[in-house]
Amino acid sequence: MTIPARGAEPAGAMDEQSASLAVQTMFNTIAPRYDLLNHVLSANIDRVWWRRTARAFAPILRRPDATVVDMCCGTGDMTLALLRHRPADSKPLLALDFAHAMLVRGQRKFASQGAVAIEADALHMPIPDNSVDLITTAFGFRNLANYEAGLIEMHRVLRPGGELGILDFSEPKGLLGRFYQFYFRHILPRIGKMLSGSSAPYNYLPHSVHRFPGPDELQTMLRACGFAQASWTPYTFGIAGLYRAVKA
Ligand SMILES: C[S@@+](CC[C@H](N)C(=O)[O-])C[C@H]1O[C@@H](n2cnc3c(N)ncnc32)[C@H](O)[C@@H]1O
């Protein structure tokens with residue numbers, strides 16, 4: 001029996017398992033060009049978003065004994081932004097991803113800065129229940145094959161009172177929204193193909209953002225999965241935004 005994906009749906013995926021495998025293969029393939037493409041396609045605004053997200057959690061990050069996970073860390077730029085707020089003698093930050101080629105690149109950046117790499121699936125993290133003070137994920141959650149399962153897994157590892165931060169794209173409304181749709185659907189895939197040689201990941205990106213639940217729906221899902229104080233702060237006119245919630 002095939003279960004339809006209740007999360008990301010890359011082209012050709014039949015069920016959650018094949019969706020997950022397609023996402024993993026796609027990131028392993030684009031890993032060598034990922035950082036360059038990210039910075040070119042976002043005109044470096046992504047750096048501002050990672051830093052702003054890390055600042056939002058500075059009070060937890062400043063506690064040396066806090067257990068912090070950066071889920072779907074990829075090549076590690078969100079991880080590095082979080083590490084800037086960690087005191088020198090802090091517990092190592094756990095940086096988790098299932099795409100080996102992405103994680104290897106991340107590890108080169110963050111291993112000497114106080115983070116350890118964990119190669120694992122975000123839907124089955126090798127992390128004990130109720131053990132984490134902060135879990136963040138930047139532009140990774142949207143790629144999970146099952147969003148509800150992702151929230152339940154993050155809830156499982158967090159301690160009561162532990163905090164969650166999901167930084168991801170959204171679709172802005174109005175005139176900017178129309179311009180953004182045009183850029184995202186017609187210009188970005190062309191630049192992506194030119195620089196990476198492959199069009200599939202940059203056709204998948206706008207599709208995945210369109211399919212991703214909007215702010216109201218995602219906050220409802222957070223509450224349904226046992227989180228309290230769910231909120232969404234738009235970044236750069238709502239092109240991206242930060243979801244925050246606390247394990248009740
Ligand atoms: C768009 S990249 C984001 C990387 C990084 N956080 C950033 O902000 O640049 C998404 C990452 O999520 C990872 N990912 C997607 N689904 C995953 C899963 N089920 N388990 C672990 N990692 C996953 C991919 O391998 C990829 O490295």
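The values are calculated or read from the model by the stated rules, or taken from the named source; none is laboratory data. As the structure is a prediction and not an experimental result, all values here were calculated from the model. Quick reminder, even Gly has a Cβ in these numbers, built from the backbone with ideal geometry, and neighbours come from all protein chains shown.
Of 152, 127, all but one fail to be assigned to a helix (DSSP H, G or I) and more than 8 Å from the ligand (Cβ to nearest atom); the exception is 152.
Return a yes/no flag: does the range 198-213 have any residue that is in contact (Cβ under 8 Å) with a residue 24 or more places away in the chain, farther than 21 Å from residue 24 by Cα and part of a helix (DSSP H, G or I). Looking through the range 198-213, none of the residues is in contact (Cβ under 8 Å) with a residue 24 or more places away in the chain, farther than 21 Å from residue 24 by Cα and part of a helix (DSSP H, G or I). One residue stands out in the range 158-178 among those that are assigned to a loop (DSSP other than H, G, I, E, B) and either away from the ligand (no atom under 16 Å from the Cβ) or among the β-branched types (Val, Ile, Thr) (or both): the one that is surrounded by the most Cβ atoms within 10 Å (Cβ to Cβ), namely 172.
Residue 60 meets the conditions (1) within 20 Å of residue 134 (Cβ to Cβ); (2) within 15 Å of the ligand (Cβ to nearest atom); (3) among the hydrophobic types (A, V, I, L, M, F, W, C) in every case but one. The failed one is (2). Name the residues in the range 130-141 that are within 13 Å of the ligand (Cβ to nearest atom) and either under 14 Å from residue 69 (Cβ atoms) or crowded, with 24+ Cβ neighbours inside 10 Å (or both), would you? If the condition is that a residue be within 13 Å of the ligand (Cβ to nearest atom) and either under 14 Å from residue 69 (Cβ atoms) or crowded, with 24+ Cβ neighbours inside 10 Å (or both), then 135, 136, 137, 138, 140, 141 are the ones that fit.
Answer yes or no: is there a residue in the range 97-106 that is charged (D, E, K, R) and in a helix (DSSP H, G or I). Checking the range 97-106: at least one residue is charged (D, E, K, R) and in a helix (DSSP H, G or I). With the structure loaded, tell me whether residue 104 is β-branched (Val, Ile, Thr), in contact with a strand residue (DSSP E or B) (Cβ under 7 Å, 6 or more places away or on another chain) and modelled with pLDDT of 95 or more or whether it fails that test. No.
List the pairs whose first member sits in the range 154-168 and is more than 17 Å from residue 58 (Cα to Cα), whose second member is among the aromatic types (Phe, Trp, Tyr) and in a strand (DSSP E or B), and whose Cβ atoms are under 7 Å apart, counting only residues at least 6 apart or on separate chains? Sorted first by the residue in the range 154-168, then by its partner, the pairs are 155/227. Screening the candidates 43, 111 for the property of being surrounded by fewer than 15 Cβ atoms within 10 Å (Cβ to Cβ), at pLDDT below 95, among the aliphatic types (A, V, I, L, M) and more than 10 Å from the ligand (Cβ to nearest atom) yields one hit, 43.
Of everything listed in (1) surrounded by fewer than 18 Cβ atoms within 10 Å (Cβ to Cβ); (2) of a type outside the set (Phe, Trp, Tyr); (3) more than 30 Å from residue 12 (Cβ to Cβ), the single unmet condition for residue 181 is (3). Scan the range 47-71 for residues that are surrounded by 15 or more Cβ atoms within 10 Å (Cβ to Cβ) and either in contact (Cβ under 8 Å) with a residue 60 or more places away in the chain or over 30 Å from residue 199 (Cα atoms) (or both) and report the count. Final tally of qualifying residues: 16.
Could we say that residue 35 is touching a residue at least 12 places away in the same chain (Cβ under 8 Å), within 22 Å of residue 117 (Cβ to Cβ), acidic (Asp, Glu) and more than 10 Å from the ligand (Cβ to nearest atom) here? Here the answer is no, as residue 35 does not meet what is asked.
Scanning the range 231-245 finds one or more residues that are touching a Pro at 6+ places or on another chain (Cβ under 6 Å), under 30 Å from residue 133 (Cα atoms) and of a type in the set (Gly, Ala, Ser). Hey, residue 152 hits all of (1) among the β-branched types (Val, Ile, Thr); (2) crowded, with 21+ Cβ neighbours inside 10 Å; (3) within 26 Å of residue 18 (Cα to Cα); (4) more than 14 Å from the chain's Cα centre (by Cα) but one; which does it fall short on? Only one criterion is unmet by residue 152, namely (2).
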